[in-house]
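A.B. asks: Sharing a structure below in structure tokens format, with a few things to ask.
What follows is calculated from the coordinates using simple rules that are stated; it is not laboratory data. The structure displayed is predicted, hence computed values, not measured ones. Here the Cβ is made from the backbone with ideal geometry for all residues, glycine too, and neighbour counts use every protein chain on show.
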Amino acid sequence: MAELSRTPLFPEYEKSGAKTVDFGGWEMPVQFTGIKKEHEATRTAAGLFDVSHMGEILVEGEDAERFLQKLLTNDVSKLTPKRAQYTMMCYPDGGTVDDLIVYQLAEQKYMLVVNAANRGKDHDWLQQHKMDGVAVRDVSDQYVQLAVQGPKAETILQKMTDADLSSIRFFRFEMDVPFSDVNGTAIVARTGYTGEDGFEIYIEPEAGIQLWRRLLDEGASDGLQPVGLGARDTLRFEANLALYGQELSAEITPIEAGLGFAVKTEKEADFIGKEVLRNQKENGPPRKLVGIEMIDKGIPRTSYKVYAEEEEIGSVTTGTQSPTLKKNIGLALIRANYATQGEEVFVQVRKRLLKAKVVPTPFYKRS
């Protein structure tokens, strides 16, 4: 067996007694005190996440924007320094290489934050299509990435810096942000993966443990808790935020996954997969990702088959009992002609077909 990778924060997991699992080749905490407790803390106060396993790829050079316009589905020309954008890379058939966030650090200088398990594949894909006047470098080892998410996130983080965090709007970021009693400075972005307000912080690895400890100390009185991958998944699921390998994959297009807002087929650049995605946008995709809520008693788990009139029409991509809503719900990729709200479908749970209905998403929106 290959040895699992560990982030610089791993000693803090061991010290706290967190339960760890293999996640895309990384030994990561699935929970610290319990998934439901960590989920609730993020929804009501704040959660602290180590997401240092994510990859960072630097793209720069005189033709960096033109290069990224060819590789990414969103319109990179709309970015200016200190702005970020959610986007995808696609194959010629419209399937998804990865979903990611692109940060414009300066003119013709961008940082792509990619999924951990796709880091090598994404870097290879970019290198394969690289043009003259562009440099592509994997700089993941230069960063620890922490996320502070929840309604008290700004209050907690503001205690530790003189930078005005309230001035950072959604999908904007500041660079060279200092924190008291923490070495170096950080990129602080108002982004996240929970459906709550919050920040993602990129800082040099040597300062990662300092920042983690300081955040837990400063945030204790406001209810900040460390959060593992278990609650990260239930939080993002309730907010209908895609997980690569489940809602997106080489076989699932962004249009099928309901992410057409990040696919700008009207932009002039002829990006990879554009024609297929334009056709799906204009004429509708063959399948659609929908929310389902169980009517019969049962939980719709990932990969469970979905039926209508005894005919298989798709499968569940993610499902669980929602900690916030206390309902058994799921996301399912099904044939488009069944993807209307209120449509009755059946989920195969073991040997039984249990009744469910198509419902709106996201399941949860912060007030």
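A.B. asks: Rounded if a/c is under 1.5, else prolate if a/b is larger than b/c, else oblate: which is segment 55-140, with a ≥ b ≥ c the root eigenvalues of its Cα gyration tensor? Provide the component values of the computation, followed by the final result.
C.D. replies: On the way: a/c = 1.30, a/b = 1.28, b/c = 1.02.
Rounded.
A.B. asks: Something else: So what's the net charge close to GLY150: Lys and Arg +1, Asp and Glu -1, counting the other residues with Cβ under 12 Å from its Cβ?
C.D. replies: Details: positive: ARG43, LYS152, ARG366; negative: GLU38, GLU40, GLU154, GLU196, ASP197, ASP222.
After counting each charged neighbour, the total is -3.
A.B. asks: Something else about it: Relative contact order of segment 55-140, please, whole-number percent, based on alpha carbon pairs below 8 angstrom and at least 6 residues apart. Display every interim value, and only then the final one.
C.D. replies: Working: 172 pairs, mean separation 36.0, N = 86.
In percent, rounded to a whole number, it is 42.
A.B. asks: Also, quick follow-up: Any idea what diffusion coefficient the chain gets from Stokes-Einstein, in µm²/s, Kirkwood Rh on alpha carbon pairs, 10 °C, 1.306 mPa s? Could you put the intermediate results ahead of the total?
C.D. replies: Working: Rh = 21.4 Å.
Rounded to a whole number, D works out at 74 µm²/s.
A.B. asks: Show me the ranking of peptides 231-237, 361-367, 277-283, 113-119 by mean Cβ neighbours inside 10 Å, starting with the highest.
C.D. replies: Numbers: 231-237: 24.1, 361-367: 14.0, 277-283: 15.7, 113-119: 20.7.
The most tightly packed comes first, giving 231-237, 113-119, 277-283, 361-367.
A.B. asks: Over what distance in Å are the Cα centres of segment 109-180 and segment 1-62 separated?
C.D. replies: One Cα centre to the other: 16 Å.
A.B. asks: Do any of LYS15/LYS327; LYS264/LYS288; LYS305/LYS355 go past 23 Å between their Cα atoms, and which?
C.D. replies: Values: LYS15/LYS327 34 Å; LYS264/LYS288 19 Å; LYS305/LYS355 12 Å.
From LYS15/LYS327; LYS264/LYS288; LYS305/LYS355, over 23 Å: LYS15/LYS327.
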